[in-house]
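Below: one structure, written as structure tokens.
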Amino acid sequence: MSKKIVIGSDHGGFNMKAAFVKALGEWGYEVEDLGPDCLDSCDYPIYAAKVAEMVQDGVTGILVCGTGQGMAMTANRYSGVRAAVCSNEFHARLARAHNDANIICMGERVTGIGAALDILKIFLETEFEGDRHKRRVDLIDSVKQ
Ligand code: RB5
């Protein structure tokens, strides 16, 4: 995966975002924080859209809100974006290995920060397995309505 990471949240994910930005720097990633920059109430689709647009250019994305769900729903409207809500390590490993997810979505109100950091690390370090999974991911992109 790309060593360049873009990250965004809403107020519900703000503290987890801050913890992720700090850890990512320590792990050697280049991180761009697309906001917000304070805990004031805000609307998650705005930040999901900012991150998804940059992920379309090939970087890896992280989105955090209260649950991760609204972020994923928004980001997955963007073509080529595969945003996965991950609340455990198995989710994170398979979202990468089988689904080639390029955005991880997490919920600050769902997962503790310590566990979330482990989940994030697995997501970033797991390679896509390709092969039959590539065929299936290509089929996702072929779905039109
Ligand atoms: C904000 O209250 C909350 O709805 C948001 O953080 C997120 O959980 C939405 O999916």
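On the basis of being buried (at least 21 other Cβ atoms within 10 Å of the Cβ) and modelled with pLDDT of 95 or more, does G35 make the cut?
For G35, the condition - buried (at least 21 other Cβ atoms within 10 Å of the Cβ) and modelled with pLDDT of 95 or more - is not met.
Please go through the stretch 47-84 and give me each residue that is away from the ligand (no atom under 12 Å from the Cβ) and in a helix (DSSP H, G or I), ordered by number.
Across the stretch 47-84, the qualifying residues are A49, K50, V51, A52, E53, M54, V55.
Across the stretch 19-36, what is the total count of residues that are free of Cβ contacts under 8 Å to residues at least 24 places away in the same chain and among the charged types (D, E, K, R)?
2
Out of (1) farther than 21 Å from V110 by Cα; (2) loosely packed, with under 15 Cβ neighbours inside 10 Å, the odd one out for T60 is which?
Condition not satisfied by T60: (2).
Say whether the condition of being within 16 Å of the ligand (Cβ to nearest atom) and either in contact with a helix residue (DSSP H, G or I) (Cβ under 8 Å, 6 or more places away or on another chain) or among the small types (G, A, S) (or both) is met by at least one residue in the stretch 114-133.
yes
With the condition kept exactly as written, say whether any residue in the stretch 112-128 is touching a residue at least 40 places away in the same chain (Cβ under 8 Å) and touching a Gly at 6+ places or on another chain (Cβ under 8 Å).
Checking the stretch 112-128: not a single residue is touching a residue at least 40 places away in the same chain (Cβ under 8 Å) and touching a Gly at 6+ places or on another chain (Cβ under 8 Å).
The values are calculated or read from the model by the stated rules, or taken from the named source; none is laboratory data. No experiment lies behind these values; they were computed from the predicted model shown. We place every Cβ from the backbone using ideal geometry, glycine too, and count neighbours over all the protein chains shown.
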